[in-house]
Structures are given as C-alpha cells and as structure tokens.
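A short worksheet on the structure shown next.
The values are calculated or read from the model by the stated rules, or taken from the named source; none is laboratory data. Keep in mind that this is a model prediction, so the values were computed, not measured. Note that we place each Cβ from the backbone using ideal geometry, even for glycine, and neighbour counts take in every protein chain shown. These area figures cover heavy atoms from the full protein model, side chains too; ligands, DNA and RNA do not enter into them. Shrake-Rupley method; radii C 1.70, N 1.55, O 1.52, S 1.80 Å.
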Amino acid sequence: MFNVQPKFVHIVKNCRVVKIEAEEMASFDFGRRAPELTLAHYRGEQCLDEILEWVWDNCKFDCKALVESGKSEDRANMLRLHGNQCYKAQNYADALDLYNQSIMAAPHPVLDNVGIEKSEDNTTFGFPRIDPARYGGVALEKCSALGKGFANRSAVMLCLGEYEKCIEDVDLALEHGYLEELRPKLEERRFKCQEAQKKGEPSNCRHRNGNLQKLILQNILGEMKSTSAKKPPVLRDPNPCIPAVSSAVSVSHWPNKGRGLVATRDIKPGEVLGVERAFAVFLRQHLLGTNCSTCTHPCVNPLPCPGCSKVVFCSRSCRVKGLSEDHWLECKILSSVLVHGLEERTCSYKLLKTWNFRQMKSIYNKLKKDKPTLPEKLGFDKSGKYSSSSFQAIYHLDQDLEAFPLEEVISLCMDAFRLTKLLELSKRFFVNHLGKPVPVTKEDFLYTCKILVNNYTKFIQNSFGNPRPRGDATVPSEKSHQPLLFSCYI
C-alpha cells in the first residue's frame, strides 16, 4: 500500500531511536512490524505530530482516483432481469434482494424541493445542513430502470401480502418514470391491495398451503418490521442541565479518574437513567444494503441514495436526514473506504458530520478556548446545558491517547493519512467559501489527519457497551463510576 524511501529513518525524535534497515523498507508493513517498534518514553499526543510528519515524508498513497460507486443503468437492468428469473421460480427472497440491488444501482433523479428538518443542535456549534439536491442526479426520463425496479418489487410485496409496502412501491414506480403503457397494470395492483385492506386481510398474512420459501421470507419481514417498530424507553424525570439523563444522576470529577456520572439519590431497580440518541453511527459493511444508514433499522423496501449505490434508507424522512447530515462526506468515498480496508475508521470522519475543512478548523479553534473551564463543566454551553446534539459535548469527552499501544497509534496515523487523501479526492472537504475544491497544504493535510486520529480514539473510548451487531455508535454522555443502566438508541 505504501512505498517508503530506501534509507535509515528515525520514527520519533523525542523517543528512543528505532532504525530500520534499507532492505526491509520495500515490504515494510506497519500492521505486521509495528509490534517491534518500542519507544522508551512514548507520550501520546506529544509524539502524534512527529509520527504524522514521518508518514508524510515517507509514505505515498497508491490511490490516484476514487473507486466508482455511482449509478449504472446497465447494471440495474441486469440485476432486475436476474430478479425476474427468481420471481418466476417463486424464489422470492433472492428476487427481493436482486430488485433492491437494481434500485440501488439505477440512475436517480435530483431530489429537489425537499424540506430539511430544523436542527436541535447548539446554534454556535451546530451543523450546516446539506441540500439533498446537491447529490446530483439525472433527468426523470432517464430513470426508467429505477421505475421498473420499484414496479417489480411491488409484485413481490403483493405476493407476500405486504399490501402497504406494495402500494408504496407502486407510488414510487409511478414517480420515477415507469412506462406509460404499463401503468394500468400498476394501478390494478394498487386496487388489489386496497381491496384486501378493506376486507381486513392483515399484511404479512400466512397461508399453510403457501410456498415454503415465501412463508420463510414473510416471517423474516415480520421480524424486521417488529425491530423497526421498537421505541426507546421514556425518560420521565430528565436532569434540567443534562436532558439526556435522569435527575437521579449528575456529573462529577475526580483528579485521578476524570469525570463521570454519579447517583444523587437512591435508584429503584429497573429505573431508566438515560436515553440518548447516538451522535454518530456507522453500519457494518454487510448491512449497508439492507439496513437504514440513518436509524440502522432493517429495511423492508429500502429507498436508495441518489448519489451512490452503497447505502439505503428506510423512509423518506430518514433519507432526508441522512443526506442532509453525515452522508455528504462519505457518499463519494465509501466504496474506496471499503476497498482499502478502512471500514473500522469510518467513525473518525462520521464525527465531522457535514463540515468542510474551513468549518472544522474554525470550530476546533473555538472549542480549544474552553480548556480552562472547570473539568466538570466542559461541554456545557453558555446557558449551562449539556446537549447531546452539540459537538461541543463530543469534543470534550474524555480521551487518553497514551492508553493505546504505540503500534496502534502508528497504524491509526497511517489510516488517517489514507482517509484524508480520500477526503481530498472527494473534492467536498477541502473547499473554499464557495464550495470549490482548493489545493491542500501539508499543514492542513496533517491537521486533518490529527483530528481523525483523535476522533477515532475518542469514539472508541466513549462507546457504550459491546459493539452492536448492526454497527457502532458514540454518544456524548460521560461514563459512570457506578453500574448505571443506560439506553442509547440509534
């Protein structure tokens, strides 16, 4: 992946010197060799700048262009035709999967005149929303593959007794350029669903004499809808200064331990002490095409991203939220992130949300001024509130870079270098006030690398519980020094 110049090098100047012979350099791989690098006086943040300097001077990223993740009408048509074969063979699970892939790959029209919900973010450190129309798209007359994909998926939904979902897909097909001469067929399908609903036939109905594979898929879809319908518990007595937690807890600080949440009164068994929406979340690679990238819930009939063929959304509202927030930075680079094995580092740029480099640097410089504040008050805004939706709270979460082994920090720096290069190639991050790409200086490039390393370590050290099966998330709430029950929902 990297070519290192054939000469002796010093890894870090302020620590014990480590020399690497020239003949070892050609195949040098930090992932395998890093454990051999021992530094006598490694001091975390103090050495980070020097490690990044070394990476800049000695490593070259082998990617000259982003991996294509856009739309393809030919690919969409091919997937749909394979899906038709499966549908005729009553192989509904594979048919549904292929139709979904076809919809993801099909050229998409521009999403214009879409209302963006107002943000609850802190007004000083909130995120500018991205207009979904900026993702681009094609003219509606060029979206026939998309319309056909929705139409064919509606047939599967009808076959499974998913009447509401079938009607949704019929409407989507008609909205996206479905052939005029075939529209009566869709209207007939809609009528059948409406008649079944009037008769009180339940969606997801099961018939004992039905196709076994269809019954299995109906059960799976039923479980998916049940998972999506689950709601977070209600926090009945929120703390007025920290709305995401109960008034039964507060923030305290210990010089030798840092800060955390402590109980202020007796707590009853089963009492909910905190309910917090995840600030940043990312899905595992194998779930990108089946789960919503905004709420992570499984999708019965997902909606595609208009700009890439990698992610899906469970509803129009989730799509608008995802497109107007953190998907903007990853839409063009996600395929490259996966190809280059950087999936685990996704969280580091997810924390940047919609910011470009200029905005990020400005906000970080402002937040640095909060450092003299009392430790227990870091992250609180001027009104005395600790808001889960504000990056100010995320920025001041506990972080200890020295807790990571040196070899892992070096690996993080290498990956941050690669991610920053991808952000540069996307032409969406290093831009001027008009949104036009600008040349990237070494100083700005390494500054971004450092932010990405710090973001990743902060994400890891402040994620609650074990990794979730769907993905990972980070939340602003401080960890507790007592066994408190929290519910983080994503």
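For the range 57-102, give the magnitude of the charge dipole about the Cα centre (Cβ charges: +1 Lys/Arg, -1 Asp/Glu; no others), in debye to the nearest 20.
The calculation lands at about 140 debye.
Give the residues of the range 369-389 whose amide nitrogen is closer than 20 Å to a point set 7 Å from the Cα of H253 in the direction of its Cβ.
369-388
Kindly state, to the nearest 0.05, the FRET efficiency for E188 paired with A89, given R0 = 30 Å and r defined as their beta-carbon distance.
0.80
Hey, can you rank 144-155, 421-432, 233-244 by average C-beta count inside 10 Å, highest first?
Sorting 144-155, 421-432, 233-244 by mean packing, highest first, produces 144-155, 421-432, 233-244.
Return the inverse of the average 1/r over all pairs of distinct C-alpha atoms in the range 321-469, which is the Kirkwood hydrodynamic radius, in Å to one decimal.
16.4
Counting only heavy atoms of the protein chains, get the accessible area per residue of the range 332-399 (1.4 Å probe) and round it to a whole Å² value.
42
For the range 70-81, what does the Karplus curve 6.51 cos²θ - 1.76 cosθ + 1.60, with θ = phi - 60°, yield as ³J(HN,Hα) per residue in whole Hz, taken in order and with x for Gly and Pro?
Each residue's phi maps through the Karplus curve to give x, 9, 8, 5, 4, 5, 4, 5, 4, 5, 5, 5 Hz.
Could you report the accessible area of K310 in Å², rounded to 10, computed with a 1.4 Å probe on the protein chains as they sit in the structure?
Probe radius 1.4 Å; accessible area of K310 about 70 Å².
How much length is gained on full extension from D131 to K361, taking 0.36 nm per residue of separation minus their Cα-Cα distance?
80.6 nm
Check which residues have an amide H placed less than 5 Å from T290's amide H, if you skip close sequence neighbours.
Residues meeting the criterion, in which the H sits 1.01 Å from N, do not exist here.
If I model a spin label as a point 7 Å beyond the Cα along the Cα-Cβ vector, how far apart are those points for K382 and V110 in nm?
3.8
Collect residues whose amide H, placed 1.01 Å from N in the peptide plane, falls under 5 Å from the amide H of F282; neighbours closer than 5 in sequence don't count.
Under 5 Å from the amide H of F282 lie the amide H atoms of D472, each far enough along the sequence or on another chain.
Just to check I understand the Karplus step: with θ = phi - 60° and J = 6.51 cos²θ - 1.76 cosθ + 1.60, what whole-Hz values come out for the range 150-161, glycine and proline as x?
Working through the residues one at a time gives 4, 4, 5, 5, 4, 5, 5, 4, 5, 4, 8, x Hz.
How much solvent-accessible surface does E188 expose, in Å² to the nearest 10, with a 1.4 Å probe and all protein chains in place?
Approximately 100 Å² of E188 is accessible to the 1.4 Å probe.
Carbon and sulfur: what percent of the range 343-395's accessible surface (1.4 Å probe)?
Of all accessible area on the range 343-395, carbon and sulfur atoms account for 53 percent.
Give me the accessible area of R277, 1.4 Å probe, in Å² rounded to the nearest 10.
Looks like 130 Å² after rounding.
Which far-off residues, 5 or more places away or on another chain, put their amide H under 5 Å from the one on V110, with H placed in the peptide plane?
Here the answer is V138, since their amide H atoms fall under 5 Å of that of V110.
Can you list the HN-Hα couplings for the range 347-357, worked out from phi with the Karplus curve (6.51, -1.76, 1.60; θ = phi - 60°), rounded to whole Hz and with x for Gly and Pro?
Those phi angles translate into 4, 5, 8, 4, 5, 7, 6, 9, 5, 9, 4 Hz.
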